[in-house]
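Everything below concerns the one structure shown next.
The values are calculated or read from the model by the stated rules, or taken from the named source; none is laboratory data. Nothing here was measured: the structure is a model prediction, and the numbers come from that model. Don't worry about glycine lacking a Cβ; one is built from the backbone with ideal geometry, like all the others, and counts go over all protein chains shown. Areas reflect the complete protein model, heavy atoms only, side chains present, ligands, DNA and RNA absent. Shrake-Rupley method; radii C 1.70, N 1.55, O 1.52, S 1.80 Å.
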Amino acid sequence: MKVLVTGFEPFGGERVNPSIEAVKRLSDKIAGADIIKAEIPTVFNKSIRKLEKILEDEKPDITICVGQAGGRNRISVERVAINISDGRIPDNEGYQPVDEIIFEDGDTAYFARLPIKKIVKELNDRNIPAEVSNTAGTYVCNHLMYGLLYNINKKYPNMMGGFIHIPFLPEQVIDKPNMPCMSLDLIVEGLTIAIEVAVNSGQSK
Ligand code: PCA
C-alpha cells in the first residue's frame, strides 16, 4: 500500500510551516505502507495542479494532506471541503480570490474519505489532543482538500483521502501571547497514528 502525505510551504509571514516540517520527519514506512512525501505551494490553483500531477504519477491508495491552522489547540481531522475560495490574505503569489468556485462541475462539498472519528478516537486514547473539525476554512487548505476530493470522486474512486490541520509550533508563538501550540514531536506522532488508522481501515475493506 502507498500513502501520499503532503505539507505546505510557509505563508502569512511565518518562517516555518509545521505541516511540511512534520511530513518531512515521518518514517518512510508506516504500518507496512510506503510513505511518499511532497511539499505543496501555498498558492491557489497551483497547489491543486501539483497534487494532481503527483496523484497521476504515484497513484497512491491513500492521500492525506496536512496544513497549519494557527490558533487551533489540537490536531483537527477535517470532515468536509467546500467548493469556494475566499482568501483572508493573499496567497504566496499575491492572489486573493473572493467567493470563487473551485471546480464548476464539482459538488457543493465533498466529505473526507477517511475514518475521521476512528482517527480522532485513537489520537485521544493515546493522549494526543484531537478533534473532528467541520470546516477547513476557505483558504488554500480547503482549496487543496476540495481538489483532492474532487479528483477522488471523478477519477480515483478507490482512493481514500482527506485533510488534517495542525497547530502552530512552539517557536511560532513566542511573539503571540495566549496562542496555542503543539510540539513537532507530538504532531509527528499524531500524524503517524492517523496514517496507521487509515492504512488499517483501508486493508480491512
Ligand atoms: N494552512 C493554510 C494554507 C496553508 C496552510 O498550511 C490554510 O489553513 O488554509
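Would you calculate a helix-derived [θ] at 222 nm for the chain, using -39,500 (n - 2.57) for each DSSP H run of n ≥ 4 and dividing by the full residue count, to the nearest 500?
Details: 5 runs with 66 residues, N = 205.
Computed mean residue ellipticity for the chain: -10000 deg cm²/dmol.
Treat the chain as a sphere of radius equal to its Kirkwood radius over Cα pairs and apply Stokes-Einstein at 37 °C in a medium of 0.692 mPa s; give the translational diffusion coefficient in µm²/s, rounded to a whole number. Please report the intermediate quantities before stating the final value.
Details: Rh = 16.7 Å.
Rounded, D is 196 µm²/s.
At a Cα cut-off below 17 Å, give the aspartates and glutamates reachable from LYS37, other chains included and same-chain residues fewer than 8 away excluded.
LYS37 reaches GLU9, GLU21, ASP28, GLU52, GLU56, ASP57, GLU58, ASP61, GLU189, GLU196.
What is the percent of Cα-Cα separations in region 81-182 that go past 22 Å?
Across region 81-182, Cα pairs with separations above 22 Å total 44 percent.
Taking a cut-off of 23 Å between Cα atoms, list the lysines near LYS121, but don't count ones fewer than 8 places away on the same chain.
LYS29, LYS205
If you put +1 on each Lys and Arg Cβ and -1 on each Asp and Glu Cβ, how big is the dipole of the chain around its Cα centre, in Debye rounded to 20? Don't skip to the answer; put the middle values down first.
Details: 24 positive and 28 negative charges, 106 e Å.
The dipole magnitude comes to about 500 debye.
Gain in length, GLU100 to LYS154, computed as 0.36 nm per residue apart minus the alpha-carbon separation, to one decimal in nm?
Working: separation 54, 0.36 × 54 = 19.44 nm, distance 2.04 nm.
Separation in residues times 0.36 nm, less the Cα-Cα distance, equals 17.4 nm.
Compute the FRET efficiency between ASP185 and THR135 as 1/(1 + (r/R0)^6), taking r as their Cβ-Cβ distance and R0 = 30 Å, and round to the nearest 0.05. Can you show the working numbers first?
Values: r = 27 Å, r/R0 = 0.91.
Efficiency for this residue pair is about 0.65.
Counting only heavy atoms of the protein chains, get the accessible area per residue of the chain (1.4 Å probe) and round it to a whole Å² value. Kindly include the intermediate steps, with their values, before the conclusion.
Details: 9280 Å² over 205 residues.
Per residue, the chain has an accessible area of 45 Å².
For PHE111, put the label point 7 Å out on the Cα→Cβ axis and report which residues of region 150-183 keep their amide N under 20 Å from it.
Counting backbone N atoms under 20 Å from the label point, the list is 150-165.
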